[in-house]
Amino acid sequence: RLADRVAAAAEGIADPAEALSAAAGAYTEYVIERRAGMNVIYADGLQSGEYIELHEQTRRLTDQFLMLCLAVSDRPENALELMEQLFTQAHGYGMFWLDGVFTKHGYAPELVVRKSVAAARLAIAGHRHSENHRTDEEDRT
């Protein structure tokens, strides 16, 4: 399961930014292996009450990412924005491989996962920098 894969990737990593980056990589890896991620989780036909286990796993996955995003954010709304950005990039890396974009460049799935982790690190660092910049501006006003 995706939530299990994400939890295992982040487990034991003390730095929340590194744990979050590892979680993003695990998401990308799962999408490549299973051809399933947010595209399946939020598919129209799977939103009814008969898919309770899917909804529970979705909540667990979202909670895992959100808790890590809260650990690297100064405000809850910033954590939600970061979570959205990380899910988007992690899913995008997987889909680029599945759609043949990265395979045309000769990228192996492992390389795509490493690139996803690196992109997550950059997104988190940029997120932290923009938070610090906003805080500095607020202090001046």
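The values are calculated or read from the model by the stated rules, or taken from the named source; none is laboratory data. These figures come from a predicted structure and were not determined experimentally. Here Cβ is always computed from backbone atoms with ideal geometry, including for glycine, and neighbour counts include all displayed protein chains. The area values use the complete protein model at the heavy-atom level, side chains included, leaving out ligands, DNA and RNA. Shrake-Rupley method; radii C 1.70, N 1.55, O 1.52, S 1.80 Å.
Of note:
- Residue within segment 55-69 that is modelled with pLDDT under 95, surrounded by 12 or more Cβ atoms within 10 Å (Cβ to Cβ), hydroxyl-bearing (Ser, Thr, Tyr) and closer than 25 Å to Ala7 by Cβ present: yes
- Scanning segment 97-112 for residues that are in contact with a Phe, Trp or Tyr (Cβ under 7 Å, 6 or more places away or on another chain) and either of a type in the set (A, V, I, L, M) or on the phi > 0 side of the Ramachandran plot (or both) gives a single hit, Val112.
- The single condition among (1) closer than 19 Å to Ala3 by Cα; (2) open to solvent by 30 Å² or more (accessible area, probe 1.4 Å); (3) without any contact (Cβ under 8 Å) to a residue 60 or more places away in the chain; (4) within 17 Å of the chain's Cα centre (by Cα) that His91 does not meet is (3).
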